[in-house]
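The values are calculated or read from the model by the stated rules, or taken from the named source; none is laboratory data. Given the structure is predicted, the values throughout are model-derived calculations rather than measurements. Quick reminder, even Gly has a Cβ in these numbers, built from the backbone with ideal geometry, and neighbours come from all protein chains shown. The protein model used for the area step is the full one, side chains on, heavy atoms only, and it has no ligands, DNA or RNA in it. Shrake-Rupley method; radii C 1.70, N 1.55, O 1.52, S 1.80 Å.
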Amino acid sequence: MWKSLGALLQQAVEPREPPQDLLQSFVKHWRGVTQYYIEKTDESRNARDTDIPWLLRQLTDILVYEEQELKTGTDVENGGTTEAGDHTGPCMEYLLQHKILETLCTLAKAEYPPGMRQQVLLFYTRLLSKVQRPLLHYLSVHRPVQKLIAMTGDTGVTAQKEELQFLVSVCKKVEEDPSLIIHILEGETVSKSKREEEVASTSSNQKPKYNLFKALLRLCTCQSQQGKIAVKAKEILLGVLRAAQEEGPVNLIAQSNLSKCVAEHLCDLHASIPLNTPPYDISAQDNTSWRTEIGANEADSSTDDPAAVQRFLCWVEYCDCLVQESHKVIGGEIARSLTDDYLLGLLQPELLQVSELSIQRSTAILTAVLQRFTASPLLHQILTFILGEERNSESRDRKNPSLRAQLIQRCNHLSDEISLASLRLFEVLLQVPVDLVLQSLVTRNLESRGYLSRAQEETRGPESDAWEGTEELEEDPYFTDGFPDTGFRLTERKPAKGTEPLGREQSVRSFLSLVPEEMKSSGSGFESYLQDALVQFQEIRKMVSHWEWTASGRSAGKSCHSEMFYEGHFLEVLFDRLGGILDQPYEMNLLVTSLLARLALFPHPHLQEYILDPFLNLAPGARSLFSVLVRVVGDLAQRALRVSNFQETLCLVRRQLLGDSSNERLAHVTLCQGVVVLEEFCKELAAAACVTHHPLGQ
């Protein structure tokens, strides 16, 4: 109480400047600014070395003081406080009526004296950030603000820091009241005749050019010494878009040139990536963030491939963030511009070129972009771009010129580098949590179950399938080593009617015993594969839980045998690659088997039947994963006989792959590496068959 009383008495005895004296002081300081130009002082003298910065600072201090006095004016005689309401003080009235802001804007444009634009920007920043009263709806305020925004980025003027501070102050006001954006989004002023001439010469769908987004995006892409300016500019642009949720501001932003500018900068960054950049250096970068500060020294290095790639990928992530956090109308416009200008306009022509370097780089870039497009509109656009819109079952027609067909065929390209880059693309595709991917690549060709022979469908039930398949395997000399001791016990139970538990157990046994014992490089079990498969299967099952797959397969009708079964372009290429596993590079084999192993874990009834059931009675001309593996093992058996000390060499190669032996030169390395991958792949398939059918996988 005594403290409050003391403060009140102190305020009572303090001399207070009358409002008229405050206005006189304001006018005096403003005339001090104009007097500088009347006196015509040294033109080479920088503005910061004059009295102008101090005078402008006094102007803002007076305006802030006046606002505080009006907000809570103290009546000394009555000892109370009266609210001043929304009244504008005399100093603010003078500022608005005498077009002081317009005059300062003119001085900033003239850049006289040198450095004057920086001082004007600082004045506007202090005015907008310190004065609490809404100002941007006044014509005498938002008109010069628009002009000042249009000046940002002029060549020959270095004021990035001040420009950013000014734009931050403007955008903060817009975030607080998004309706103000209509007063800020204003294009350059042109005469009526010139405007009519431009409208007549441009297309009707051309976006209006608004300077606010142009200025922000220029700062977003600047390469300052510390990189902080670009990051801050991205944040304030994102804040404006996040705040704009009402129909008026949303439509205004959607109709602006924002989406066009965003896409154009992505194209520029794409073009800055050197053509000879290794594909893996592009697709393997996973530690990027649009909030990363890239300094000027790093960014200006023309020979620094990682820096160019990082700038590109950071902008890709920022585009995704813009779409993710904007209103759906704004996000949709950005997604469409990125599709039209970047995916279709730039990336697709490069993907369809014949230059190997161009194909490798563009495929790796597509892979990296796919990894970072998570916003629903962008993800839908890029998946449609890659996979097309065809949803019917495929035919063997090889005259399809679509991008999808080209990308799939390149998985089996003559160039190993192109094949590896293409396989990595599809490895990422199969991790996308959208059912369109699997449906387009695989399942649409399996829905009719045309891979089954009509005899099997008509004469054999599920239980007989399992037992007859087992008998056939027992007669095969490659399946004489029995079921290994894996340490994982399958549940023994009598088969219920309409189920196939024994056949499923035999599936595991069949894959584990597919490679003959004398051709194996390791006698270890597959417990680790089983645990990995279980974890992956649970993740995939969670991902596909809302994909509305039926729990059981559909019976094959007579119509499915009207024409020869075709597994589809994607599986055809993978099966062809798998068939050459004994002659291909190790990394290639790892990617091919990894793709097939992931497909085996998808809980789609037709896919699991086609991939994991070794006992299928296939239709004429049809092949399955197991039938391809049988042919590979048959080829291996013949080739192993022609290699002396085959198993010893095989064990040495495995040890080399594990890094447990010296890097000595060995014969038949490719063959032995293929056998190692084949052996591991069979364990992966056995584990997949186990977890997808065993109660642990339910």
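Within region 143-164, not a single residue is without any contact (Cβ under 8 Å) to a residue 60 or more places away in the chain, at positive phi and open to solvent by less than 60 Å² (accessible area, probe 1.4 Å).
Scanning region 559-599 for residues that are within 22 Å of Y451 (Cα to Cα) and charged (D, E, K, R), we see that the one that is most open to solvent (accessible area, probe 1.4 Å) is E563. The combined condition, being over 16 Å from S624 (Cα atoms), outside any helix (DSSP H, G or I) and not hydrophobic (A, V, I, L, M, F, W, C), is fulfilled by Q431. Restricting E390, E394, E333 to those that are in contact (Cβ under 8 Å) with a residue 60 or more places away in the chain and outside any helix (DSSP H, G or I) reduces the list to E394.
Within region 30-41, the set of residues being over 20 Å from L95 (Cβ atoms) and open to solvent by 90 Å² or more (accessible area, probe 1.4 Å) comprises I38, E39, K40.
Being surrounded by fewer than 21 Cβ atoms within 10 Å (Cβ to Cβ), free of Cβ contacts under 8 Å to residues at least 24 places away in the same chain, of a type outside the set (G, A, S) and not in a loop (DSSP other than H, G, I, E, B) is a property that E664 lacks. Give the residues of region 386-428 that are among the hydrophobic types (A, V, I, L, M, F, W, C), more than 19 Å from L344 (Cβ to Cβ) and open to solvent by less than 60 Å² (accessible area, probe 1.4 Å), sorted by residue number. Of everything in region 386-428, those that are among the hydrophobic types (A, V, I, L, M, F, W, C), more than 19 Å from L344 (Cβ to Cβ) and open to solvent by less than 60 Å² (accessible area, probe 1.4 Å) turn out to be I408, C411, I418, L420, A421, L423, F426, V428.
Take T339 and decide whether it is among the polar types (S, T, N, Q), surrounded by 14 or more Cβ atoms within 10 Å (Cβ to Cβ), out of contact with any strand residue (DSSP E or B) (no Cβ under 8 Å at 6 or more places or on another chain) and at pLDDT 95 or above. Give the steps one after another, and end with the answer.
Details: among the polar types (S, T, N, Q): yes; surrounded by 14 or more Cβ atoms within 10 Å (Cβ to Cβ): yes; out of contact with any strand residue (DSSP E or B) (no Cβ under 8 Å at 6 or more places or on another chain): yes; at pLDDT 95 or above: yes.
The answer is yes for T339.
Looking only at residues in region 367-381 that are out of contact with any helix residue (DSSP H, G or I) (no Cβ under 6 Å at 6 or more places or on another chain) and not polar (S, T, N, Q), the one that is surrounded by the fewest Cβ atoms within 10 Å (Cβ to Cβ) is H380. Evaluating R126 against the criteria (1) surrounded by fewer than 18 Cβ atoms within 10 Å (Cβ to Cβ); (2) in contact (Cβ under 8 Å) with a residue 40 or more places away in the chain leaves one unmet condition, (1).
If you go through region 237-255 one residue at a time, how many are open to solvent by less than 40 Å² (accessible area, probe 1.4 Å) and out of contact with any Gly (no Cβ under 9 Å at 6 or more places or on another chain)? I'd like the intermediate steps shown before the answer.
If we filter region 237-255 for residues that are open to solvent by less than 40 Å² (accessible area, probe 1.4 Å), which is where we start, we get 237-241, 243-244, 249-250, 252-254.
Restricting the remaining residues to those that are out of contact with any Gly (no Cβ under 9 Å at 6 or more places or on another chain) gives 237-240, 243-244, 249-250, 252-253.
Number of matching residues: 10.
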